[in-house]
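First up is the structure itself, then whatever we jot down about it.
Bear in mind these aren't lab numbers, they're just calculated from the coordinates by the rules spelled out. What you see is a predicted model; the values in this text were computed from it and never measured. We place every Cβ from the backbone using ideal geometry, glycine too, and count neighbours over all the protein chains shown.
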Amino acid sequence: MDNTKKGRELVFVQILYLYVIPTLLLYFKVLPGDFRFILIIVIALLLFGIVEHDHWTFADLGIKRDFMKDILPYSLFTAGGVFFLVWLSQVVPHSPFLEWWENAKFLLLFIPLSVIQEIIFRGILMNMLERTFSSVIFIIILNAAVFAMMHVIYLNSIFVLPMTFIAGIGFAWMYYQYKNLPLISISHTILNFVAMILGFFIIR
């Protein structure tokens with residue numbers, strides 16, 4: 001594992017330019033909100049360039065043939081997340097996403113966006129951090145913080161940011177314990193779908 005100062009500086013620069021700055025460009029409307037899907041695709045392609053340059057394998061990303069062996073812990077994690085969101089909807093003011101099934105843009109984009117988020121935050125960022133830092137707690141917290149920061153583009157960020165930080169810790173911990181990109185992507189898609197239709201995430 002590369003624990004050198006140079007390696008850490010490189011990771012922080014990559015986080016700044018590939019995660020933080022793109023989010024701020026959307027937040028301050030330098031780029032229009034409708035551009036966010038294209039932007040995340042561009043970022044994913046740049047990150048895949050890093051993966052290719054460093055010769056990562058599919059196993060490094062958490063892609064393996066026997067991915068179904070982790071189905072039980074991921075199922076329990078996802079079910080717990082769904083129950084938590086439903087409970088939260090009973091105690092926190094929110095506006096449910098009515099007639100979501102008629103919103104073609106939502107139906108077409110939420111699955112690809114959820115999967116791409118897991119690729120870039122867990123599949124790639126977690127591995128970048130693991131190759132550079134030795135503290136598991138630091139890796140999980142930093143991953144969750146960067147993941148939560150991306151959600152600043154949503155309304156009611158005072159509520160959304162803490163919620164996504166907690167979710168980010170859960171996703172990062174699950175991925176660290178069971179490095180399984182397909183299952184963490186499915187889990188994220190389900191939880192993202194429930195959170196969206198309950199009205200927790202509304203773009204500014």
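Some notes on this structure:
- Under 5 Å from the amide H of ASN156 lies no amide H of any residue 5 or more positions distant or on a separate chain, with H modelled from the backbone and absent for Pro and chain starts.
- Each Lys and Arg adds +1 at its Cβ and each Asp and Glu adds -1 at its Cβ; summed about the Cα centre, the chain shows a dipole of about 240 debye.
- Using θ = phi - 60° in the Karplus curve 6.51 cos²θ - 1.76 cosθ + 1.60, the 3J(HN,Hα) couplings for segment 131-145 round to 6, 10, 10, 9, 7, 5, 4, 4, 4, 5, 5, 5, 4, 5, 5 Hz; x is entered for Gly and Pro.
- Sites LYS6 and TRP100 - FRET efficiency at Förster radius 35 Å, r taken between beta-carbons, to 0.05: 0.15
- Karplus-derived 3J(HN,Hα), 6.51/-1.76/1.60, for each residue of segment 99-116, Hz, glycine and proline x: 6, 4, 5, 9, 8, 4, 4, 5, 5, 7, 9, 5, 5, x, 5, 5, 5, 4
- Fewest neighbouring Cβ atoms within 10 Å first, the residues TRP173, TRP87 line up as TRP87, TRP173.
- Dividing the Cα radius of gyration of the chain by 2.2 N^0.38 Å, with N the residue count, gives 1.01.
- Of the GluC sites (Glu not before Pro) found in segment 85-134, the ones in coil according to DSSP and having at most 10 other Cβ atoms within 10 Å of their Cβ are GLU99.
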